[in-house]
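Every number in this text was worked out from the coordinates using simple rules, so none of it is lab data. The shown structure was predicted, so the numbers you read here are calculated from the model rather than taken from an experiment. Neighbour counts are summed over all protein chains in view; Cβ atoms, including those assigned to glycine, are modelled from backbone coordinates with ideal geometry.
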Amino acid sequence: ARTAWDEIPLAREMDTLHLDVGSGPLADAVGVSMGNPHAVFFVDDAEAVDLE
């Protein structure tokens with residue numbers, strides 16, 4: 001997986017380890033590319049996150 005902003009790719013240079021994508025428990029994403037762009041979220045308890 002690649003984490004360089006221009007290899008994901010993103011529109012501009014930014015910290016791909018802390019992408020501000022909103023608010024709440026899923027506000028801080030990690031941008032990665034595994035052939036196509038992904039936003040990955042790390043949480044303490046995945047069962048506690050309401051995805052609906």
Could you give me the radius of gyration and the Dmax of the stretch 1-44, taking only the C-alpha atoms into account and expressing both in angstrom? 10.2, 30
According to a simple spin-label model (label point 7 Å from Cα along Cα-to-Cβ), what is the distance in nm between Arg12 and Val49? 2.6 nm
